[in-house]
Amino acid sequence: MADLTTEFLGIKSPNPFWLASAPPTDKEYNVRRAFEAGWGGVVWKTLGSEGPPVVNVNGPRYGAIFGADRRLLGLNNIELITDRSLETNLEEITRVKKDYPDRAVIVSIMVPCEEEAWKAILPKVEATGADGIELNFGCPHGMAERGMGAAVGQVPEYIQMVTEWCKKYYSKPVIVKLTPNITDVRFPARAAKNGGGDAVSLINTINSIVSVDLDQMAPEPTVGGKGTHGGYCGPAVKPIAMNMVAEIARCPETHDLPISAIGGVTTWKDAAEFMALGAGNVQVCTAAMTYGFNVVKEMISGLSNWMDEKGYTSTQDFIGMAVPNVTDWQYLDLNFIAKAKINQEDCISCGRCFAACEDTSHQAIEMSADRVFTVKDDECVACNLCVNVCPIEGCITMEEVPAGQIDERTGKVVSDQYANWTTHPNNPSATAAE
């Protein structure tokens, strides 16, 4: 049976599933219940400086995007960091870590961008016995307007500076949480590493307005007739998060930087995909808020069963395996040729593939009088649109045209030689093939 035990920055946990810093990890009651359900670790909801805590709104805090079946696809929140006192949080963290020594407990922190503020809070956090800290450089709303959160995460120099302070005043692992609200995530990742950060976590939430109340004419969630931008998370952000994780994992300057992946992890498969792209573990929030803490049981059993099927005995067996296969567009093989193929036994004659291809693609599917749909190989460019709009999984597939055969669309023999845009004759900057 697969062993899901993970070691991230020397921090051991029984599985790679951690709860992200968010409402589910805001208090001792929640975290204890999470650990009893099976979560391998938690990142405690972000702590602020000592003194009067922040004040959250008392109206709606969440907006949502739903699929056709009302499945939650994306969640927007305007909640700030913990509104409970620092002292109360520290006491609870101490008790929880003492009672669950085998679980990872990381403390998220956000204080003003001043050395003294960090110097003051770090010894208090270290005294709790928590395993490490996560620097919240990603929150895009409320706190950013106060010079914290994403306001720090969008400036690499600030990231490096604050990370250096933390390494100076704190002896345990420092994880830097990155904002996605930036052009190139590699720059803040490099800054985190240059500052001595032990790892990065990403992504934090994306700046967003998810909907507008057309009666009140205000963004949702609406508080007293007004709305604001918030942080977007959930399954809808997963593709963005995976790309950013992969960019860091394959960058020569950061490829050895441990990554804790966040962003739309809802199933074991989501976790496995992130880990294949270089993440050492994953953090989850929206799935727990949607389905409750017990969702981790399905994640654990699913990942374990998949690993058994693949012959993986440890998560280390597949972490980063997909990274070498992530490349830039210019290096894709232009001599790889495929064609769509429709399995007539599975086809329900809905016509979606025909409508999509005929109206918006390459007119490569024809419809007979009795609604039989077939692919015209002399027009098909293998764009994959028909596969994606077909409601029957596996009904339409992309089949590679073997080398030596004729591509009916171009009339050329399919080559067995690799070729890419850098050497293509249409490329004005093409170089001679080596």
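Considering each of ALA288, ALA236 in turn, give the residue that is assigned to a helix (DSSP H, G or I), in the same structural domain as LEU75 (by TED's automatic domain parsing), within 25 Å of ALA189 (Cβ to Cβ) and not acidic (Asp, Glu).
It is ALA236.
Test THR266 against the criterion of being over 9 Å from the mean Cα position of the chain (by Cα) and under 27 Å from SER304 (Cβ atoms), and give yes or no.
Here the answer is yes, as THR266 does meet what is asked.
Scan the range 356-364 and give yes if some residue there is among the hydrophobic types (A, V, I, L, M, F, W, C), surrounded by 13 or more Cβ atoms within 10 Å (Cβ to Cβ), out of contact with any Gly (no Cβ under 8 Å at 6 or more places or on another chain) and assigned by TED's automatic domain parsing to the domain that holds ALA246, otherwise no.
No, there is no match, as no residue in the range 356-364 is among the hydrophobic types (A, V, I, L, M, F, W, C), surrounded by 13 or more Cβ atoms within 10 Å (Cβ to Cβ), out of contact with any Gly (no Cβ under 8 Å at 6 or more places or on another chain) and assigned by TED's automatic domain parsing to the domain that holds ALA246.
Pull up the range 409-434, narrow it to residues that are assigned to a loop (DSSP other than H, G, I, E, B) and in contact (Cβ under 8 Å) with a residue 60 or more places away in the chain, then point me to the one that is surrounded by the most Cβ atoms within 10 Å (Cβ to Cβ).
ASN420
Hey, could you check the range 381-390 for residues that are farther than 10 Å from LYS341 by Cα and not aliphatic (A, V, I, L, M) and say which is surrounded by the fewest Cβ atoms within 10 Å (Cβ to Cβ)?
If we take residues in the range 381-390 being farther than 10 Å from LYS341 by Cα and not aliphatic (A, V, I, L, M), then ASN388 is surrounded by the fewest Cβ atoms within 10 Å (Cβ to Cβ).
Filter the range 333-345 for residues that are part of a loop (DSSP other than H, G, I, E, B) and surrounded by 13 or more Cβ atoms within 10 Å (Cβ to Cβ) and give the result.
The answer is LEU334, ASN335, PHE336, ILE337.
Checking THR82 against (1) β-branched (Val, Ile, Thr); (2) closer than 18 Å to GLY138 by Cβ; (3) in contact (Cβ under 8 Å) with a residue 60 or more places away in the chain, only one condition comes out false. Which one?
It is condition (3) that THR82 fails.
Go through (1) in a loop (DSSP other than H, G, I, E, B); (2) farther than 25 Å from CYS233 by Cα one by one and return the number of the condition LYS124 breaks.
Of the numbered conditions (1) in a loop (DSSP other than H, G, I, E, B); (2) farther than 25 Å from CYS233 by Cα, the odd one out for LYS124 is (1).
Is it true that VAL296 is assigned to a strand (DSSP E or B) and in contact with a helix residue (DSSP H, G or I) (Cβ under 9 Å, 6 or more places away or on another chain)?
So VAL296 does not fit the description; no.
Just one of LEU80, LEU75 is among the aliphatic types (A, V, I, L, M), in a loop (DSSP other than H, G, I, E, B) and either touching a Gly at 6+ places or on another chain (Cβ under 6 Å) or under 21 Å from ALA192 (Cα atoms) (or both); which is it?
Being among the aliphatic types (A, V, I, L, M), in a loop (DSSP other than H, G, I, E, B) and either touching a Gly at 6+ places or on another chain (Cβ under 6 Å) or under 21 Å from ALA192 (Cα atoms) (or both) holds for just one of LEU80, LEU75, which is LEU80.
Condition first: touching a residue at least 60 places away in the same chain (Cβ under 8 Å) and among the small types (Gly, Ala, Ser). Now tell me which residues in the range 323-361 satisfy that.
ALA338
Being hydroxyl-bearing (Ser, Thr, Tyr), touching a Lys or Arg at 6+ places or on another chain (Cβ under 8 Å) and assigned to a strand (DSSP E or B) is the filter here, so list the residues in the range 1-55 that pass it.
THR6, SER13, listed by residue number.
Does the range 89-138 hold any residues that are hydroxyl-bearing (Ser, Thr, Tyr) and touching a helix residue (DSSP H, G or I) at 6+ places or on another chain (Cβ under 9 Å), and which are they?
Residues satisfying the conditions are TYR100, SER108, THR128.
Give the residue that is nearest to LEU122 (Cα to Cα), with candidates limited to residues of the range 54-100 that are touching a strand residue (DSSP E or B) at 6+ places or on another chain (Cβ under 9 Å) and of a type in the set (S, T, N, Q).
ASN89
Within the range 35-53, work out how many residues are crowded, with 17+ Cβ neighbours inside 10 Å and within 28 Å of GLU87 (Cβ to Cβ).
13
Can you go through THR82, THR46 and tell me which one is assigned by TED's automatic domain parsing to the domain that holds GLY227, over 20 Å from the mean Cα position of the chain (by Cα) and polar (S, T, N, Q)?
THR82
The values are calculated or read from the model by the stated rules, or taken from the named source; none is laboratory data. Please read these numbers as outputs of a predicted model, since none were measured by experiment. Don't worry about glycine lacking a Cβ; one is built from the backbone with ideal geometry, like all the others, and counts go over all protein chains shown.
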